[in-house]
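Engineer: I have a structure I would like to understand better, so I am pasting it below and will then ask my questions one at a time.
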Amino acid sequence: MFRLRLSACAFVFASGAAIPASAQTVIPEIVINALPSDLATPPIVQKFQLPQESFSITSKRIEETINLKDPEDAVKYMPSLFVRKRNDGDNQAVLATRTWGLNASARTLIYADDLLLSALIGNNNSGASPRWNLVSPDSIARIDFLNGPYAAAYPGNSMGGVLIMTTKMPDKFEATAKETFSVQPWNQYGTKDTYLSSQTTMSIGDRTGPFNSFSWLLGANFQSGYMQPLTYTTNATAPAGTTGTYFALNKQGLPANVVGTGALIHTQQTAANLKLAYDFTNAVRATYSLGIWNNVQTSSPQTYLTSTATGAATFGGVSSFASNQYTWNQTHLSNAVSLKSDTRGVFDYDLSASSYNYLQDIMLNPYTVTPTGTGFSQNGRVTRNDGTNWQNADAKGILRPSGIGSAHEISFGVHGDRYYFYNPVFASAIWNNTSDYGTGQIYSEGVGETRTGALWVQDAWRIAPAWKLTLGGRLEIWRALNGFNINTIQNSAGGITSSSGINQPGLSATNFSPKASLSYDPNKDWNITGSFGVAYRYPTVTELYQNITINGVATFANPNLTPEQDINGELNIERKWDDGRVRLTLFKERTNNAIISQSNLATNPTTGAQAVTTTIGNVAAIGMQGVELSAEKDNVLIDRLQVFGSVTYVDSRIISDPTWAGTNLLTGLPTTAEGKRVPYVSDWRVKIGATYRPDDNWAYTIAARYSGNQYSTLDNTDIVQHVYGAFDNYIVVDMKVHYNATKNVSFDFGIDNLFNEQYFLFHPFPGRTYVVAARYTF
C-alpha cells in the first residue's frame, strides 16, 4: 500500500502546458493498493509497451541488502545474472545472462538512463567490458532487466537481455557523502597478504527555477584499492637453478607450474558525473549528462622463485612476468542528451544521443625479463587505445489513436551508431620513461570502423480485455570499413625483423528481424506470455581487426566474420500477490554463425615451434534451452521476513561446427566440437536469500549464490578444476547488516564470501571480504 496526494498541477493538457501554481487545487488524499515498487512494471516497459518480462530492484532494497561498492554489485541477486567482478573497481566486469557467458559482452545491452554503458566496440571480457564506472553507486534509483530480444526497439545485441539503470534526480536540495572500506585477507600459493580498498562517494543537487523546472545533480567518486592476484605466472617446467615452484596443471591437464603472481595491482579511480534536467512542461523534459573517468593502475608481479646458488629472489628467466609489470593511465569522457515527452496522450516522443571517447588510454610495460635476477629489460611496449570512440542516436515515437487505453499503441523509431577503433602498439627504448609513441616503430596496429542504421516499428494490440498481441520488426543495415592491420615478426630481444600492413576488406549486411508476443491475463493475479524474436548481432570492430598478445597467448581477429542470427523464444507463467510473485520461464534459443573465440595449438611460421593461439570464427549453429524459476515473498512465516530466490537450468549444445579442426592439447588427438556444451554457459545457477527487517531502522540479509559446471573450450577438453585458468563451480554466501541510525545517517557491515570459497573463473576470485560503510545525507 502507498499514499498518493494529487493536485491539479499533476495533470497536463493535451498541449503539454503546465497549470500555474496559483491555480492549484488540493484533492483529498487517496489510498491505493499496489504491488511493492520492486515488483511494479518498469516505466520504460509501460511507456513503449515493451513485450519483455522484467525483473527489478530499487535503491532502497539495494541499500538494505547488498554490500554495494560498485554499481554492478546491485544485480548480484537478480535471477540468472552474474557479473564477472574480480575486485573492487574492476573495469572488466562483464554481465553474464542465462544463455550467454563471460566472453559475450556484446550480447547484452546495459544502459544508464540514455547512456549506453555496453562497450559494443568488442565482444570480450577485457577492453569491451561495460563502463559501469560512469554511474555512481548511490545515484541508482532502480534497475530493471528485460529478458530476450523481443522488442523491436533494441538491436540484436539484446539477445541476452537489456539492463536499464535509472538514476536519481533531486526534488529539493540534497547532499550525500559515503565512505566504504573493504578488507580481504588472502592466502593462495605463495601469496599471503591482506588487501585494502576504500571508496569515497559524494553528491550534491537541487531543483530550482520557475515552477521548479530546473534540476541538477553533481556526483564524484574516488576509489583506491590493492587487490588479490588477478593472474598467476605459470611455466611448463620448474626453471633451472631455482626453488619455489608450485607444481600444478592447467585446465586441460598440461603442466602449468605456478612460479609467481601475474597482475598484482593497485588502482586509483576517479569519476565525476553531472546531470542537468529542464522541464519545459510537466510532460516534456530535456536532459544532459556528462561523465569523466580516470584510472591510474600499476601492477608489479611477485615471484615465488629463489636462486639455488645465491638464495635471492629471481624471475628464473620466465619472460611472461614482464607482461604483468605495467603502468596504465586512462581518461574517458561520455556525453548524453535527450528530449522526451510523457503526456500519455495521442503522441509521445523520445530523442536521445550519446558519445564515448578515449581521451587517453596508454599502457607501458617492459618487453621481457633480465636473464638473471628480478629485473626487466630496458626496452618495452607502448599500447594505446586513445582515439577509440563511438556514438549512438535514437529517435522514437509512440502513437495512441485514442490516447491511453487505445486498442493499438504503435511505437516506431530510427537508430544510428558508429564505432571507431584505434589500437597501435609501439616499441620503446626505455619502457617506463618514454614518449607516447615510443621509438615510433610499430609492433602491431589495428584500425577499423563499423556503422549501423536501423528502422523499427511495433504495434501493441489489445485484442480483448485479457489478451494483448505485440507484433514488430526491425530493419538494419550494417557496414564494416577502413579496416587495417600491421603485424610484425620480432626477435627474442624485442627487435622488429619485419612487418607488413594489410588493408582489410569492407563488409556489409542488411537484415530484417521479426518479433511477436502474446500475453494473456486470466485475472489480475495471473499472467501467461509467449514471446518470439529473431535478432542479428553484427561483428564488432575488435573481433574484426584487433590482434593482441597477452601473457604469451596471441589472439587473431577475423576480418571476414558474418553476422550472428539468433532465434529466440520463451513462455512465461507468473502469479502475483500484493507482496510477492513467482514466475516460471521456459526458453529456447538457437544461434546460427555464432562468433566464438577459441584457443588451440598453432605452429609459429618463423620458429616452427607450437604455441597456444586464439582465433575468432563463426560456429555454424549452437542451441540452448532451459527453465528458470524465480520467486520473492514478504512476510514469510513471520512479519517483515522477505525471502527471494531463483533456479536456472540450461542445456547448451554445439549443433554444427564443420570448420573445427582442433586437437586435445594433452593427447594430441583430434577432437570434435559438435554435441559439446557451449563455452562459458553454466548448466545451473541458483540464488537464495532472506532479509529480516524487525523495524524501519534495521535490515539483516543473508544470501547464497551457486554456479554449476561450465567449459571454456569448444571441444570441452578443459576438465581440470580449481587451477588457474579453469572455470569452477562454486557456492558463495554473503551477509549484510544495515542500520539507519538517524534520518540522515546510516551504517553498513557485511561480509562477501562468508566461508572463504576459493574458486577460479579463469582468474582467482575474491575470498572472504569484510565491508563497512557510513553514509550521511543532508
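The values are calculated or read from the model by the stated rules, or taken from the named source; none is laboratory data. On a predicted model such as this, the values are computed, not experimentally measured, just so you know. Here the Cβ positions follow ideal geometry from the backbone for every residue, glycine too, while neighbour counts run over all protein chains shown. With ligands, DNA and RNA removed, areas are computed over all heavy atoms of the protein, side chains included. Shrake-Rupley method; radii C 1.70, N 1.55, O 1.52, S 1.80 Å.
Engineer: Would the stretch 21-39 turn up any residue that is open to solvent by 20 Å² or more (accessible area, probe 1.4 Å), modelled with pLDDT under 50, over 18 Å from M165 (Cβ atoms) and of a type in the set (D, E)?
Structural biologist: Yes, the stretch 21-39 contains at least one residue that is open to solvent by 20 Å² or more (accessible area, probe 1.4 Å), modelled with pLDDT under 50, over 18 Å from M165 (Cβ atoms) and of a type in the set (D, E).
Engineer: Name the one entry in A152, A141 that is assigned to a strand (DSSP E or B), within 30 Å of A393 (Cα to Cα) and touching a Lys or Arg at 6+ places or on another chain (Cβ under 6 Å).
Structural biologist: A141
Engineer: Also, I was wondering about something else. Go through M165, M159, M227 for me and flag whichever is surrounded by 22 or more Cβ atoms within 10 Å (Cβ to Cβ), closer than 30 Å to W456 by Cα and touching a Ser or Thr at 6+ places or on another chain (Cβ under 8 Å). Can you show your working first?
Structural biologist: On the way: M165 fails: touching a Ser or Thr at 6+ places or on another chain (Cβ under 8 Å); M227 fails: closer than 30 Å to W456 by Cα.
None of the others qualify; the one that does is M159.
Engineer: Any chance you could count how many residues in the stretch 612-628 are at pLDDT below 95, in contact with a Phe, Trp or Tyr (Cβ under 8 Å, 6 or more places away or on another chain) and open to solvent by 30 Å² or more (accessible area, probe 1.4 Å)?
Structural biologist: Number satisfying all stated conditions: 1.
Engineer: Here is a further query. Considering the stretch 450-491 alone, what residues qualify as being within 30 Å of L364 (Cα to Cα) and out of contact with any helix residue (DSSP H, G or I) (no Cβ under 7 Å at 6 or more places or on another chain)?
Structural biologist: Residues satisfying the conditions are L481, N482, F484, I486, N487, T488, I489, Q490, N491.
Rundown of residues vs (1) touching a strand residue (DSSP E or B) at 6+ places or on another chain (Cβ under 8 Å); (2) open to solvent by 70 Å² or more (accessible area, probe 1.4 Å); (3) β-branched (V, I, T), yes/no style:
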residue	(1), (2), (3)
T434	yes, no, yes
Y443	yes, no, no
R451	yes, yes, no
R474	yes, no, no
R479	yes, yes, no
N482	yes, yes, no
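Engineer: For the stretch 629-638, which positions are hydrophobic (A, V, I, L, M, F, W, C), in a strand (DSSP E or B) and open to solvent by less than 80 Å² (accessible area, probe 1.4 Å)?
Structural biologist: If the condition is that a residue be hydrophobic (A, V, I, L, M, F, W, C), in a strand (DSSP E or B) and open to solvent by less than 80 Å² (accessible area, probe 1.4 Å), then A631 is the only one that fits.
Engineer: Let me ask another. Looking at the stretch 407-419, which of its residues are surrounded by fewer than 19 Cβ atoms within 10 Å (Cβ to Cβ) and either among the acidic types (D, E) or under 33 Å from the mean Cα position of the chain (by Cα) (or both)? Before the answer, list the steps.
Structural biologist: Our first condition is that a residue be surrounded by fewer than 19 Cβ atoms within 10 Å (Cβ to Cβ); within the stretch 407-419, this holds for 407-408, 410, 412, 414, 416, 418.
Those that are surrounded by fewer than 19 Cβ atoms within 10 Å (Cβ to Cβ) and either among the acidic types (D, E) or under 33 Å from the mean Cα position of the chain (by Cα) (or both): I410, F412, V414, G416, R418.
Engineer: Then there's this: For the stretch 485-586, which fully contained strands (runs of 3 or more DSSP E) count at least 2 residues that are modelled with pLDDT of 95 or more and among the aromatic types (F, W, Y)?
Structural biologist: Numbers: elements: 496-503, 507-523, 526-537, 548-550, 553-556, 564-577.
The qualifying strands (runs of 3 or more DSSP E) are 507-523, 526-537.
Engineer: Just checking, which of S402, S377, S411 is touching a Pro at 6+ places or on another chain (Cβ under 6 Å), over 30 Å from G483 (Cβ atoms) and of a type in the set (G, A, S)?
Structural biologist: When all the criteria are applied, what remains is S377.
Engineer: Please count how many residues of the stretch 379-406 are more than 29 Å from T540 (Cβ to Cβ), at pLDDT below 95 and open to solvent by 50 Å² or more (accessible area, probe 1.4 Å).
Structural biologist: 4
Engineer: To continue, here is another question. Looking at the stretch 743-778, which of its residues are within 30 Å of T231 (Cα to Cα), touching a strand residue (DSSP E or B) at 6+ places or on another chain (Cβ under 8 Å) and outside any loop (DSSP other than H, G, I, E, B)?
Structural biologist: F749, G750, I751, D752, F760, L761, P764, T769, Y770, V771, V772, A773
Engineer: Further question on the same structure: Can you tell me how many residues in the stretch 342-364 are surrounded by 20 or more Cβ atoms within 10 Å (Cβ to Cβ), at pLDDT 95 or above and not acidic (D, E)?
Structural biologist: Total satisfying the criteria: 5.
Engineer: Tell me yes or no: at least one residue of the stretch 55-71 is under 24 Å from the mean Cα position of the chain (by Cα) and either at pLDDT below 90 or more than 30 Å from D696 (Cβ to Cβ) (or both).
Structural biologist: No: the stretch 55-71 contains no residue that is under 24 Å from the mean Cα position of the chain (by Cα) and either at pLDDT below 90 or more than 30 Å from D696 (Cβ to Cβ) (or both).
Engineer: Suppose we keep only residues that are open to solvent by 70 Å² or more (accessible area, probe 1.4 Å) and either without any contact (Cβ under 8 Å) to a residue 12 or more places away in the chain or among the hydrophobic types (A, V, I, L, M, F, W, C) (or both) within the stretch 683-700. Which one would you say is farthest from I731 (Cα to Cα)?
Structural biologist: Top of the filtered list is W698.
Engineer: Pairs, please: C-beta under 7 Å, at least 6 apart or cross-chain, first residue among the β-branched types (V, I, T) and in the stretch 205-225, second open to solvent by less than 30 Å² (accessible area, probe 1.4 Å) and at pLDDT 95 or above?
Structural biologist: Close Cβ pairs (under 7 Å, with a partner that is open to solvent by less than 30 Å² (accessible area, probe 1.4 Å) and at pLDDT 95 or above) do not exist here.
Engineer: Report, by residue number, each residue of the stretch 234-256 that is modelled with pLDDT under 95, farther than 15 Å from H722 by Cβ and part of a strand (DSSP E or B).
Structural biologist: N235, P255
Engineer: Within the stretch 713-742, track down each residue that is under 26 Å from D657 (Cα atoms) and either in a strand (DSSP E or B) or touching a strand residue (DSSP E or B) at 6+ places or on another chain (Cβ under 6 Å) (or both).
Structural biologist: L714, V720, A726, F727, D728
Engineer: Here are some conditions: (1) within 30 Å of the chain's Cα centre (by Cα); (2) of a type outside the set (V, I, T); (3) assigned to a loop (DSSP other than H, G, I, E, B). G438 meets all but one. Which one does it not meet?
Structural biologist: (1)
Engineer: Failed condition for T439, given (1) over 30 Å from P366 (Cα atoms); (2) among the β-branched types (V, I, T); (3) surrounded by fewer than 19 Cβ atoms within 10 Å (Cβ to Cβ), with all others met?
Structural biologist: So T439 meets the others, but not (1).
Engineer: Would you mention how many residues in the stretch 101-143 are under 12 Å from the mean Cα position of the chain (by Cα), open to solvent by 20 Å² or more (accessible area, probe 1.4 Å) and small (G, A, S)?
Structural biologist: Selection size over the stretch 101-143: 2.
Engineer: Moving to a separate point now. Just one of S334, S355 is closer than 28 Å to N133 by Cβ, in contact with a Gly (Cβ under 8 Å, 6 or more places away or on another chain) and in a strand (DSSP E or B); which is it?
Structural biologist: S334
Engineer: In addition: Output the number of residues of the stretch 208-217 satisfying the condition of being open to solvent by 30 Å² or more (accessible area, probe 1.4 Å) and modelled with pLDDT of 95 or more.
Structural biologist: The qualifying residues number 2.
Conditions tested, residue by residue: (1) touching a residue at least 60 places away in the same chain (Cβ under 8 Å); (2) of a type outside the set (G, A, S).
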site: H415; (1), (2): yes, yes
site: Y420; (1), (2): yes, yes
site: S428; (1), (2): yes, no
site: N433; (1), (2): no, yes
site: T450; (1), (2): yes, yes
site: A454; (1), (2): yes, no
site: A464; (1), (2): no, no
site: L469; (1), (2): no, yes
site: I477; (1), (2): no, yes
